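Peer 1: Okay, here's the structure, questions in a sec.
Where a number appears in this text, it was derived from the coordinates with a stated rule and is not lab data. The shown structure was predicted, so the numbers you read here are calculated from the model rather than taken from an experiment. Note that each Cβ is placed from the backbone with ideal geometry, even for glycine, and that neighbours are counted across all protein chains shown.
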Amino acid sequence: MEFSERFEQALTWALGLHGEQKRKLTGVPYVGHLLRVCGTVMEYAGDEDEVIAALLHDALEDQNRPGLSDELVERFGSGVLHIIKQCSDREEAPPPPWRKRKEAFLERLKMADASVRLVTAADKLDNVRNLITSYRVWGELIWDHFRGGKEGTLWYYREVARVLRHASEHPLLLELERAVEELETLAKTSAEPATP
């Protein structure tokens, strides 16, 4: 796949928008997440709009400001903005309550097109893998950092995987489903009392 200058601009833009942002728990620069999501979309044959949207998928959710949507269209096109908007669970500040936001996102995801499903699956897969790694290091303490807590967070990722798998048999969705199952197994196993 050949990339145009738009892709280079998107890399620069992602660094500019998220350069100061850190991941929960680890404090690792957030841009690593964006690059992994972008890489996953590339691996699964995403086109340039999908790859750019993967890099910028959290722009509206995390870094929104007046005029940002217009700037995204001007620089990267309406197709990229469409994917970003559909991958976002909020644009307004303050955001709606956590559960309401997630339920609304899941309803939208049921009608999502293939591009939105691809970027969403890549995003959620990286998030779940990050949770698995963090869980192995910090155990149950990780849930204190998530608004949904343990039960809500597990419910959300389980539902995302279910909704996406209902729409398609895409190999990336199977990978997401396996990762969610691994996280649930880890959480269940460590929550069970040890047998003598």
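Peer 1: Using only the alpha carbons, work out the radius of gyration and Dmax of the stretch 5-191 in angstrom.
Peer 2: Every Cα atom of the stretch 5-191 included, Rg and Dmax give 15.9, 49 Å.
Peer 1: Order the peptides 79-87, 18-26 from the highest to the lowest mean number of other Cβ atoms within 10 Å of their residues. Spell out each step's value before the answer.
Peer 2: Details: 79-87: 22.4, 18-26: 14.2.
Those peptides, ordered most packed to least, come out 79-87, 18-26.
Peer 1: Taking H placed 1.01 Å from N in the peptide plane, check which residues at least 5 places from Lys22 or on another chain put their amide H under 5 Å from its amide H.
Peer 2: Correct list: Tyr30.
Peer 1: How would you rank 58-70, 122-134, highest first, on the average number of other Cβ atoms within 10 Å across their residues? Write down the numbers at each step before the final one.
Peer 2: Values: 58-70: 15.4, 122-134: 20.7.
Output ranking for 58-70, 122-134: 122-134, 58-70.
Peer 1: How many angstrom lie between the Cα centre of the stretch 77-102 and the Cα centre of the stretch 164-181?
Peer 2: Cα centroid of the stretch 77-102 versus Cα centroid of the stretch 164-181: 22 Å apart.
Peer 1: Follow-up question, since we're still on this one. Would you kindly derive the ³J(HN,Hα) couplings of the stretch 53-63 from the backbone phi angles with the Karplus curve 6.51 cos²θ - 1.76 cosθ + 1.60 (θ = phi - 60°), listing them in order in whole Hz, with x for Gly and Pro?
Peer 2: After applying 6.51 cos²θ - 1.76 cosθ + 1.60, I find 4, 4, 5, 10, 5, 9, 4, 6, 6, 9, 10 Hz.
Peer 1: If you don't mind, there's one more thing I want to ask. Could you tell me the largest-minus-smallest coordinate of the C-alpha atoms of the stretch 98-196 on each of the three principal axes, in descending order and whole angstroms?
Peer 2: 49, 29, 19
Peer 1: As I understand it, the value is the acute angle between the Cα axis of helix 31-43 and the longest principal axis of the Cα atoms of the chain; what does it come to in degrees, rounded to 10?
Peer 2: For helix 31-43, the angle is close to 80 degrees.
Peer 1: Right, next: If you take every residue apart from Arg36 with its C-beta less than 10 Å away from the C-beta of Arg36, what net charge results, scoring Lys and Arg +1 and Asp and Glu -1? Write down the numbers at each step before the final one.
Peer 2: Working: positive: Arg129; negative: Asp123, Asp126.
Combined, the nearby Lys, Arg, Asp and Glu give -1.
Peer 1: I need the peptides 94-100, 158-164, 179-185 ranked by packing, meaning the mean over residues of other C-beta atoms within 10 angstrom, with the highest value on top. Write down the numbers at each step before the final one.
Peer 2: On the way: 94-100: 11.9, 158-164: 19.3, 179-185: 16.6.
The packing order, highest mean first, is 158-164, 179-185, 94-100.
Peer 1: What relative contact order, as a whole-number percentage, does the stretch 5-191 give when Cα pairs under 8 Å and 6 or more residues apart are counted?
Peer 2: On the way: 196 pairs, mean separation 36.4, N = 187.
Once normalised by length, the contact order is 19 percent.
Peer 1: Work out from phi, with θ = phi - 60° and the Karplus expression 6.51 cos²θ - 1.76 cosθ + 1.60, the ³J(HN,Hα) of each residue of the stretch 106-117, listed in order in whole Hz, and give x for Gly and Pro.
Peer 2: Residue by residue, the stretch 106-117 yields 4, 5, 5, 4, 4, 9, 5, 7, 4, 5, 5, 4 Hz.
Peer 1: Lysine pairs in the chain with Cα distance under 26 Å, only those 8 or more apart or on different chains: how many are there?
Peer 2: The result is 28.
Peer 1: For Thr26 and Ala104, compute 0.36 nm times the residue count separating them, minus their Cα-Cα distance, and round to one decimal in nm. Could you put the intermediate results ahead of the total?
Peer 2: Numbers: separation 78, 0.36 × 78 = 28.08 nm, distance 2.86 nm.
This chain segment gains 25.2 nm when fully extended.
Peer 1: Name the residues of the stretch 171-189 whose amide N is less than 15 Å from a point 7 angstrom out from the Cα of Asp144 along the C-beta direction?
Peer 2: Taking a point 7 Å out along Cα→Cβ of Asp144, no residue of the stretch 171-189 has its backbone N under 15 Å.
Peer 1: Give me Phe146, Phe76, Phe3, Phe105 sorted ascending by neighbouring Cβ count inside 10 Å, so fewest comes first. Intermediate results must be reported in sequence, preceding the final value.
Peer 2: Values: Phe146 16, Phe76 23, Phe3 13, Phe105 20.
Ordered from fewest to most neighbouring Cβ atoms within 10 Å, Phe146, Phe76, Phe3, Phe105 come out as Phe3, Phe146, Phe105, Phe76.
Peer 1: Please give, to one decimal in nm, the separation of the simple spin-label points placed at Asp47 and Ala167, each 7 Å out from Cα toward the Cβ.
Peer 2: Distance between the two pseudo-spin positions: 1.6 nm.
Peer 1: Follow-up. Which angle from 0 to 90°, rounded to the nearest 10, does the C-alpha axis of helix 78-87 make with the longest principal axis of the chain?
Peer 2: Here the helix axis deviates by roughly 20 degrees.
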